[in-house]
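Let me begin by presenting the structure, written as structure tokens, before commenting on it.
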Amino acid sequence: QVQLVESGGGLVQPGGSLRLDCAASGRLFSINDMAWYRQAPGKQREFVAVITSGGSMNYVDSVKGRLTISRDNAKNTVSLQMNTLKPEDTAVYYCNAEVVPMRGLAAFTCWGQGTQVTVSS
């Protein structure tokens, strides 16, 4: 069974920085895309950023230039460096991964439990 465990959330002032990390554990063959989503109070979960196994990245427009996604394929980890944070970045952030459990099998979607990020003075 594969699990994703996030860490690094917390309270930060506007303009500050935080780094989120997510590690995949359990038996797996490989991971395709890894991504971050977020859900603010009273709103639907939204896409934030994605990185392919080859390193291609994509971001939602509202975070471009401020948030940077990265991954370590050898360690099965994905990170989100968040700079110049704004109050509207406040949300629970979820790690997401497309996991291939064994060679030749289809990938399945795995979610982390979420980590709270609060941007407030």
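The values are calculated or read from the model by the stated rules, or taken from the named source; none is laboratory data. Note that the structure is a prediction, hence the values are computed from the model and not measured. Here the Cβ is made from the backbone with ideal geometry for all residues, glycine too, and neighbour counts use every protein chain on show. All accessible areas refer to the heavy atoms of the entire protein, side chains included, with ligands and DNA or RNA removed. Shrake-Rupley method; radii C 1.70, N 1.55, O 1.52, S 1.80 Å.
Which percent of the accessible area of the chain is formed by carbon and sulfur heavy atoms (probe 1.4 angstrom)?
Here carbon and sulfur together make up 49 percent of the probe-accessible area.
Let me know the shape class of region 40-121, please: from the alpha-carbon gyration tensor, a ≥ b ≥ c as square roots of the eigenvalues, rounded when a/c is under 1.5, otherwise prolate if a/b is greater than b/c, or oblate.
It is prolate, given that a/c is not under 1.5 and a/b is the larger ratio.
For Lys64, which aspartates and glutamates qualify as cross-link partners when the Cα separation must be under 17 Å and same-chain residues fewer than eight apart are set aside?
Glu46, Glu88, Asp89
Would you work out if region 1-46 is rounded, prolate or oblate? Take a ≥ b ≥ c from the square roots of the eigenvalues of the alpha-carbon gyration tensor; rounded if a/c is under 1.5, else prolate when a/b is larger than b/c, oblate otherwise.
Note, shape of region 1-46 comes out prolate.
Over the chain, calculate the relative contact order: mean separation of alpha carbon pairs under 8 Å at least 6 apart, over the residue count, as a percent.
Normalised by residue count, the contact order of the chain is 36 percent.
With springs only between Cα atoms under 10 Å, which of Asp33, Asp21, Asp72 fluctuates most in a Gaussian network model of the chain?
Of Asp33, Asp21, Asp72, the most mobile in the Gaussian network model is Asp72.
Using a 1.4 Å probe and ignoring any ligands, DNA or RNA, find the accessible area of Glu6 and quote it in Å² to the nearest 10.
Accessible area of Glu6: about 10 Å².
List the chymotrypsin sites (Phe, Trp or Tyr not before Pro) within region 16-82 that fall in a DSSP loop (any state other than H, G, I, E or B) and whose Cβ has at most 16 other Cβ atoms within 10 Å.
Phe29
State whether region 40-88 is rounded, prolate or oblate according to the following rule on the C-alpha gyration tensor (a ≥ b ≥ c being the square roots of its eigenvalues): a/c under 1.5 gives rounded; otherwise a/b larger than b/c gives prolate, and the remaining case gives oblate.
prolate
With springs connecting C-alpha atoms under 10 Å apart, model the chain as a Gaussian network and identify which of Pro87, Pro41, Pro14 has the largest mean-square fluctuation.
Highest fluctuation of the listed residues: Pro41.
How high is the FRET efficiency from Ser70 to Ser121, r the C-beta distance, R0 41 Å, rounded to 0.05?
Step by step, r from the Cβ atoms, then E = 0.90.
Most mobile of Gln44, Gln81, Gln13 per a Gaussian network model of the chain (Cα springs, under 10 Å)?
Gln44
So what is the relative contact order for region 68-121, in percent, with contacts set as C-alpha pairs under 8 Å and at least six apart?
Dividing the mean separation by the residue count of region 68-121 yields 32 percent.
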